[in-house]
Structure formats: structure tokens, C-alpha cells
Amino acid sequence: MQKEKITKPEISIQNLSIAFGPKKVLIDLNLEINKGENLVILGKSGCGKSVIIKCIIGLLVPDKGIIEVFGENILASSTEELNNFRKRIGFLFQSGALYDSMNVKQNLLFPLRMNKEIELNEKEKLVKEVLEKVGLSEAINKMPTELSGGMRKRLGLARSLMLKPEIMLYDEPTTGLDPITAKEISNLILEIQKDQGTSSIIITHDMNCAKITGNRIVILEQGKVSTEGSYKDLEQSKKEEVKGFFE
Amino acid sequence: MPKSKVSIYSSYQKLTEGIIHRSRSILIGLADFSMFFIRYFKELIRPPYEINEFVKQSYLIGNQSLALVGITGFIMGLVLTIQTRPTLAEFGAESWLPAMISVSIVREIGPVITALICAGKVGSGIGAELASMRVTEQIDAMEVSGSNPFKFIVVSRTTAAMLMLPLLTIYSDAISMFGSFVGVNIKGDVNFRLFFSQAFAQLSFTDLIPALIKTTLFGLVIGLISCYKGYYSDKGTEGVGQAANASVVISSLLIFIIDILAVQVSNFIID
């Protein structure tokens with residue numbers, strides 16, 4: 001008998017529930033992300049899209065449920081174990097969340113500063129490589145306040161790539177950007193997936209970004225996944241709540 | 001029940017609920033701060049140490065307060081001398097002026113005034129900076145990169161404040177004494193050497209050491225309160241102003257409370 005190869009999903013979310021006061025945001029949500037896959041999460045504002053990725057990275061603690069990352073339940077892990085998970089996951093914040101008091105280079109070196117195994121010249125080489133990848137080589141000594149919105153997003157992305165993550169979580173990566181820059185960022189996300197083989201969750205309202213980056217799209221409604229499929233499948237859907245996103 | 005009785009009953013009920021709610025939030029706040037306080041000492045001891053950030057913060061706290069502390073110290077010494085002189089002159093005790101001023105400045109006025117200035121300048125700065133970092137998700141970004149933002153932000157700033165406050169106080173005391181010397185010479189002619197030999201004759205380590213221990217505690221309070229208010233700020237941009245304000249108000253109040261306790265304890269030990 002031929003042995004069937006079973007690959008575990010990179011992220012597995014089971015019965016995830018979270019409420020803020022009386023408002024139930026996620027209700028028994030189930031979701032799986034496979035290795036090397038880009039999953040786009042769509043949904044109305046306030047439906048809990050960002051809450052999902054904040055629970056995955058441990059910034060929010062859910063009321064109920066299991067979140068398995070690389071096969072381990074992160075909700076049962078110690079602070080040290082959680083920090084080790086976090087080093088394998090990149091997170092791009094909606095605002096970029098750049099450190100105002102540090103220049104571009106210091107921002108990029110920050111996640112590596114306690115790593116004594118890597119020599120300083122190697123770290124600096126990595127900074128140059130990552131900046132080149134996101135097209136910000138010339139901004140290396142600039143302060144975040146000197147950068148445009150698109151450049152700030154690129155820098156945020158570059159910083160999350162410094163630890164060579166296996167999973168990337170993007171919180172509205174193209175929000176607030178002009179269509180050209182938004183397309184550039186979307187292409188960059190796709191490039192990262194191809195080059196580094198990362199699995200990603202992309203939270204967005206931008207359908208163009210969803211089209212470029214997503215291998216699979218899920219729509220969140222009333223705290224649960226209401227619809228799931230490829231961009232093409234959803235584009236042809238007759239459901240009113242799905243059609244609303246494509247109009 | 002008559003209408004007036006109902007209204008009295010309902011306002012009494014509202015008042016009681018308000019008091020219970022307020023007391024509950026104060027107790028929760030105290031418990032949170034206690035946890036924060038304990039965590040500070042745990043993280044302070046546990047490696048790795050954020051030496052570079054500590055040095056940077058020490059430089060910022062010390063260097064940026066230098067001019068303000070110096071000017072205030074000079075004026076403090078000068079004014080104190082000008083105000084005290086006529087009273088001492090009435091008793092023919094003008095020669096006691098340098099000694100009296102030096103004891104007052106080193107024991108009490110120097111540490112308290114320096115701490116209050118630092119509470120205003122350093123405390124509000126730390127509170128606003130951390131609250132703004134919280135609003136712009138910079139603290140979250142540090143956390144998700146597997147770093148320890150508490151150690152990087154809170155431990156380095158609080159420890160730097162603890163180290164710099166005594167140093168700033170010594171500097172302020174010295175400038176105050178110089179201000180006093182200038183004050184003495186406005187209406188008289190006292191030799192620099194004579195003035196300072198008289199001033200130091202009445203001072204001993206039992207004056208200086210308790211004052212420095214006290215200022216270390218002031219630094220701890222300023223650092224911890226400001227960091228706590230900023231680190232847990234959660235009301236967006238409005239919270240930034242609130243954190244800065246609360247840092248100054250609470251730190252200043254605690255400086256006076258610690259001062260009262262420190263005076264009692266040091267008097268008890270010295271006696």
C-alpha cells in the first residue's frame with residue numbers, strides 16, 4: 001500500500017472566539033493556511049480581520065479556541081516559546097509602525113540587535129540586501145519622518161523580512177496608498193512569496209491587491225468565514241455579500 | 001413612594017455606584033502598577049541587558065535637563081540667600097548664612113526642586129513618548145519581532161532616571177551654592193574661599209547620603225510612573241496628553257510623600 005503523504009497546515013485555527021466587552025467579534029472561527037499559500041481575508045470594517053492575525057502573533061489572547069502555528073498551539077506556549085515563534089513570523093502593520101527615534105538602518109537592525117551569532121558586518125549586509133529588495137537602498141540613513149507613505153510601508157515590510165520569516169502577516173498593506181504604489185506593494189508581496197516560499201495572510205479591502213496576491217480568498221461575516229474560493233470563483237459568485245466586494 | 005423621596009433615593013444610589021466604580025478602578029490601577037513595579041525589578045536583573053539604550057537614555061535625561069536644573073538651582077540659591085539674610089541680620093547671625101543655606105540646599109531644597117523639575121521635563125517627555133509609541137503600534141512592533149519592549153523601553157528609561165537624578169541633584173546643589181555666594185556678595189563682600197569653607201564646615205556625609213538615596217527613589221518614581229502611564233495608554237492621541245499630564249501630577253505628588261517618609265527615616269537612623 002502506498003503511504004499517503006500528509007502535510008500539516010502552516011497555521012490552523014480552530015473554534016476561535018473573541019469578544020470585546022459585549023461585542024462578539026469572532027465566533028468559533030475555523031481557518032487553515034497551507035505552506036507557501038497566500039490567503040486573503042476580506043470583510044467589512046470591524047468584522048475582526050485584523051483580530052485574527054493579532055491573535056496568531058500573540059498580541060491578543062482569544063477567549064476560546066486553538067491556534068496552531070508550525071504544528072504547535074501557541075496559546076499554550078510560554079513567553080519564551082512565543083518569542084521564538086514570533087521570530088519565524090513577519091508582521092506588517094497597517095501604519096508601518098516604524099520606530100520614530102531610529103533611522104532606516106537602525107529600524108532594520110532592531111530585530112537582530114540581540115542576536116550575537118550574526119556578526120555586525122553580516123547584519124549590515126543583510127540590511128543592504130533587504131533594502132535593495134524593497135527598493136529603498138538610498139534611504140538607508142533617513143529618518144522615518146522623511147519617508148513617504150509608500151516608502152514607510154516598504155520599510156515596514158523590509159523590517160519584517162530581516163528575520164527571514166516563514167510566515168508573513170499583512171495588515172492592510174495597501175491602505176492609504178495611491179493605486180500605483182499599492183500595485184507595487186502587492187507585487188512585492190507576491191515576489192516575497194515566490195522568493196522565500198513564505199505562507200501569508202493578507203488582510204485587505206483592496207480588491208486589486210487581493211487579485212494580485214491571493215491564492216485563496218475568504219470572506220469574513222458575523223465572526224465566521226462565510227465564503228471561500230479563488231478570486232475567479234468569488235468574482236462569479238451570485239451571493240449579494242460577495243458581489244459587493246467586486247462592484 | 002413620594003416623588004421627592006424617589007429622587008433622593010435614586011441620586012443616593014447613583015452616588016454609591018459612582019464611589020464603588022471609582023474605588024474599584026483605583027484598586028485595579030494599584031494592582032496593575034504593583035505588577036509593573038515587580039516586573040521592572042525582575043527584568044532589571046535578568047539578562048540580556050540593554051546597555052546601549054540605557055546609556056542613550058542616561059545621556060538624554062541628564063544632558064537635556066542640565067540647563068534647566070542649572071538655572072533653577074542658581075536662582076534657588078540666590079533667592080534663598082537674599083530672603084534669609086535680613087532675618088539672620090536681625091539676630092546678628094549673618095555669618096551663619098553660608099552654613100544655613102548649604103544645609104537647606106543639600107538636605108532638602110536641592111533634591112526636591114531638582115526632582116520636581118525632572119518630573120515636569122523628563123516625566124512628561126517619557127509619558128508622552130511611550131503613549132505615542134503605543135498609539136502608533138511601535139511597542140506592538142517590538143513585541144512581534146520577538147524583542148522585549150518592556151526591557152528596552154521601561155527598564156532602560158527608569159534605570160537611567162534613577163542614575164541621573166542624584167547626579168543632577170549634586171550639580172544643582174553646586175550651582176545653588178554658587179548662586180548663594182553671588183547673593184551674599186550683592187550686599188556685602190565675602191571671599192569665595194571663606195564662603196565655601198563656612199558652607200562645608202556644617203555639612204557632613206549624614207547630610208549628603210540620605211539626600212542622594214532620596215533622589216534615587218525620586219528617579220525611580222519619575223521613571224516608573226511615566227513609563228507606566230505611557231506604556232498602558234489606550235485612548236489614542238487623547239491618551240498621549242493624558243499620559244504626559246498624569247506622569248507629572250502623580251510623580252510630583254509621590255515625590256512629596258517619599259520626601260516626608262525619607263526625612264522621618266533618616267532622622268530616626270541618624271538620631
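The values are calculated or read from the model by the stated rules, or taken from the named source; none is laboratory data. Note that this is a predicted model, so its numbers are computed, not measured. So basically every Cβ, Gly included, is an ideal-geometry build from the backbone, and we count neighbours across all protein chains shown. The accessibility values were calculated without ligands, DNA or RNA, using every heavy atom of the protein model including side chains. Shrake-Rupley method; radii C 1.70, N 1.55, O 1.52, S 1.80 Å.
Any idea what % of Cα-Cα pairs in the protein assembly as shown are farther than 46 Å? Show your work: numbers first, answer last.
Numbers: 42064 of 133903 pairs.
Cα-Cα pairs of the protein assembly as shown separated by over 46 Å account for 31 percent.
Return the average number of partner chain Cβ atoms within 10 angstrom of each residue Cβ along peptide A:157-165. Working shown, then result.
Working: counts 0, 0, 2, 3, 0, 1, 2, 0, 0.
Per residue, the average neighbour count from other chains is 1.
So what are the stretch A:146-224's ellipsoid semi-axes, whole angstrom, largest first, if each one is the square root of 5 times an eigenvalue of the alpha-carbon gyration tensor? Let's see the in-between values first.
Details: eigenvalues 76, 56, 28 Å².
One finds semi-axes of 19, 17, 12 Å for the stretch A:146-224.
Excluding same-chain residues fewer than 8 positions from A:Lys239, which aspartates and glutamates have a Cα within less than 17 Å of its Cα?
Straight-line reach from A:Lys239, under 17 Å: A:Glu221, A:Glu228, A:Glu247.
With both bridge residues required to lie in the protein assembly as shown, what share of the DSSP beta bridges run antiparallel, to the nearest 5%? Walk me through the intermediate numbers first.
Details: 19 of 37 bridges.
Here the share of antiparallel DSSP bridges comes out near 50 percent.
Counting each pair of different Cα atoms once, what's the Kirkwood radius of the stretch B:46-110 in Å, rounded to one decimal? Provide the component values of the computation, followed by the final result.
Details: mean 1/r = 0.0686 Å⁻¹.
Result for the stretch B:46-110, one decimal place: 14.6 Å.
Take the cross-link list A:Lys24/A:Lys49; A:Lys153/A:Lys211; A:Lys153/B:Lys151; A:Lys105/B:Lys121 and give me the ones stretching past 23 Å between alpha-carbons.
Table pairs above 23 Å Cα-Cα are A:Lys153/B:Lys151; A:Lys105/B:Lys121.
Using amide H atoms built in the peptide plane, which far-off residues or other-chain residues are under 5 Å from A:Glu221 H to H?
Residues meeting the amide H criterion: A:Ser226.
Counting only protein heavy atoms, probe 1.4 Å: which residues of the stretch B:136-173 lose 10 Å² or more of accessible surface in the full assembly compared with their chain by itself?
So the qualifying set is B:Thr136, B:Glu137, B:Gln138, B:Asp140, B:Ala141, B:Met142, B:Glu143, B:Val144, B:Ser145, B:Gly146, B:Ser147, B:Phe152.
Would you mind checking which residues have amide H under 5 Å from A:Gln94's amide H? H placed 1.01 Å from N; only 5 or more apart, or other chain.
Amide H neighbours of A:Gln94: A:Asp171.
Please state the Cα pair-distance histogram of chain A with 10 angstrom bins from zero: what percent is in each bin?
Spelled out per bin, shortest first, that is 7, 30, 35, 21, 6, 1, 0.
Cα atoms only, the stretch A:43-118: Rg and Dmax in Å?
Rg then Dmax for the stretch A:43-118, in Å: 14.9, 44.
Beta carbons within 10 angstrom, averaged per residue: use that to sort the peptides A:14-25, A:205-216, highest first.
Details: A:14-25: 14.3, A:205-216: 19.7.
In decreasing order of mean packing, A:14-25, A:205-216 become A:205-216, A:14-25.
Expressed in nm², what is the orientationally averaged projection area of the convex hull enclosing the Cα positions of the stretch A:95-188? Numbers along the way, then the final one.
Numbers: hull surface 24.3 nm².
Its average projected convex-hull area is 6.1 nm².
Quick one: what do you get for the stretch B:1-98 if you divide its Cα Rg by 2.2 N^0.38 Å?
In units of the globular-protein estimate, the stretch B:1-98 measures up at 2.21.
Given q = 0.13 Å⁻¹, what are the Debye log10 I(q)/I(0) values for the stretch B:139-271, with equal point scatterers placed on the Cα positions and solvent ignored?
For the requested q values the scattering log ratios are -0.74.
If the viscosity is 0.692 mPa s and the temperature 37 °C, what translational diffusion coefficient in µm²/s does Stokes-Einstein give for the stretch B:49-270 when Rh comes from Kirkwood over Cα pairs?
Numbers: Rh = 18.6 Å.
Rounded to a whole number, D works out at 177 µm²/s.
Within chain B, what is the longest stretch that has no trypsin sites (Lys or Arg not before Pro) placed in a DSSP loop and near at most 15 other beta-carbon atoms within 10 Å? Please list the in-between numbers first.
On the way: sites that count: B:Lys187, B:Lys235.
Segment B:1-186 is the longest.
Hey, what number do you get for the protein assembly as shown at 222 nm if only DSSP H runs of n ≥ 4 count, each worth -39500 (n - 2.57), divided across all residues, to the nearest 500? Can you show the working numbers first?
Details: 19 runs with 308 residues, N = 518.
For the protein assembly as shown, the value works out to -20000 deg cm²/dmol.
What is the ratio of the Cα radius of gyration of the stretch B:1-46 to 2.2 N^0.38 Å, with N the residue count, to two decimals? Could you put the intermediate results ahead of the total?
Values: Rg = 19.9 Å, N = 46, 2.2 N^0.38 = 9.4 Å.
Normalised Cα radius of gyration, the stretch B:1-46: 2.11.
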